[in-house]
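What follows is calculated from the coordinates using simple rules that are stated; it is not laboratory data. Remember, predicted model here, so these are calculated numbers, not experimental data. Every residue, glycine as well, gets a Cβ built from its backbone with ideal geometry; the counts of neighbours run over all protein chains shown.
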């Protein structure tokens with residue numbers, strides 16, 4: 001069975017500082033990994049995804065993530081955050097195994113709070 | 001394209017009442033799904049559909065029914081609402097052409113309070 005662990009429930013950071021949101025997954029099969037962002041009172045929007053190939057994935061709004069198979073991690077990073085990045089971030093996984101149908105399994109989310 | 005739309009945005013129910021949460025998409029997506037979001041729990045899959053006439057259960061299906069008579073619509077029914085069903089509900093859709101690698105697109109959500 002697949003699972004996703006987001007190691008931090010809340011991450012406070014000052015504006016223009018770098019940030020890393022951590023995500024670890026558990027799976028015995030090939031995985032596809034996603035980061036979604038949820039702004040207050042809105043739905044989820046895709047930030048980036050890893051399917052195959054280069055382990056460094058670049059997404060929207062200056063975010064990037066690195067897939068590390070040996071550490072089963074997919075951490076999200078941004079070198080300089082803005083107030084507008086304040087949101088909740090979700091890591092999700094799906095895998096190529098029978099019956100999965102591509103259903104996403106989500107972590108519990110990390111609330112990023114950017115302070116001036 | 002409107003993308004994924006959900007109605008209503010907010011709803012208050014009394015215990016035992018029934019209601020239907022509506023979800024529609026105009027992207028001709030084969031795959032549609034319903035999630036519930038609770039504080040500190042992330043999103044959990046309730047039901048999903050891989051095409052018209054085909055539905056299946058997710059992680060937390062109890063107390064919910066779905067049907068898929070058209071490609072565009074995927075309503076979620078609460079037969080007898082309970083306070084434990086107080087949550088934010090999200091509908092999502094995905095193209096089935098490339099399967100699981102495709103991005104899921106989410107609606108704006110329905111906030112449900114059951115008293």
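See the values below:
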| quantity | calculated |
| --- | --- |
| Isotropic mean projected area of the C-alpha convex hull, region A:1-96 (nm²) | 6.3 nm² |
| For the protein assembly as shown: span of alpha carbons on each principal axis (Å, largest first) | 48, 40, 34 |
| Gaussian network model of chain B, springs between alpha carbon atoms under 10 Å - residue of B:51, B:40, B:96 with greatest fluctuation | B:40 |
| Kirkwood hydrodynamic radius of chain B, Cα pairs, Å | 14.1 Å |
| Relative packing of B:84-94, A:33-43, which averages over residues the other C-beta atoms within 10 Å, highest first | B:84-94, A:33-43 |
| Relative contact order, percent, chain A [alpha-carbon distance under 8 Å, six or more residues apart] | 37 percent |
| Normalised contact order of region B:62-101, rounded percent, pairs of Cα under 8 Å and 6 or more residues apart | 29 percent |
| Mean separation of Cα contacts under 8 Å (6+ apart) over length of chain B, as relative contact order % | 35 percent |
| Point-to-point label distance, residue B:26-residue A:30, nm (Cα→Cβ direction, 7 Å offset) | 3.6 nm |
| Gained length - residue A:55 relative to residue A:80, 0.36 nm times residue gap less alpha-carbon distance | 6.9 nm |
| DSSP bridge orientation in chain A - percent antiparallel, rounded to nearest 5 | 90 percent |
